[in-house]
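For reference, the structure discussed in these notes is given below.
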């Protein structure tokens, strides 16, 4: 599903504030640097939350399709709905490359989820969908991401 760009917002009501900010940027280099750094943080958080939403939606769809499918062996180490290891992954998540054995601590968010299908050893493995969020964000932003 192609992503559509949202319509450009009408900023005419903010023109006086924007003009004041432009003057402040020109007058104080420290202020300009701090505001630019904060803007980068806001953009990175927005991109991360967008990626998290995409991963969660793909996970929910894949888990539903997986549960509805007949019994089969699932030995994927990736989250449901992500990479070619999941037979129900689609779109850009199918080609996503995840780092090997990424450990997330309790403060990194996400929760361990049990797979709908058993693996070849007869047990249901667990995964954390958060392991796909940052790689998806980086893939979507590509070379546009600030260093």
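Values quoted throughout were computed directly from the atomic coordinates according to the rules given, and no laboratory measurement underlies them. Remember, it's a predicted structure, so these values are computed and weren't measured experimentally. For neighbour counting, all protein chains shown are included, and Cβ atoms are generated from backbone atoms with ideal geometry for every residue, glycine included.
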Relative contact order of region 1-140, defined on C-alpha pairs under 8 angstrom at six or more residues apart (%)
22
Of the peptides 23-32, 7-16, how do they stack up when ordered by the mean number of other Cβ atoms within 10 Å, highest first?
23-32, 7-16
When 130, 141 are ordered from fewest to most other Cβ atoms inside 10 Å of their Cβ, what list results?
141, 130
Mean residue ellipticity at 222 nm from the helices of the chain, using -39,500 (n - 2.57) per DSSP H segment of n ≥ 4 over the full residue count, to the nearest 500 deg cm²/dmol?
-14500 deg cm²/dmol
Could you work out which residue, out of 79, 116, 99, moves most in a Gaussian network model of the chain, that is, has the largest mean-square fluctuation with Cα springs under 10 Å?
99
How tilted is helix 15-27 with respect to the longest principal axis of the chain? Cα atoms for both, answer in degrees (0 to 90, nearest 10).
80
Gyration tensor (Cα) of the chain, equivalent ellipsoid semi-axes in angstrom
41, 17, 12
Degrees, to the nearest 10: 29-68 long Cα axis against longest axis of the chain:
20
Can you figure out the FRET efficiency of residue 67 with residue 42, using R₀ = 41 Å and their beta-carbon distance, to the nearest 0.05?
0.65
GNM on the chain, Cα springs under 10 Å; top mean-square fluctuation among 126, 20, 89 goes to 20
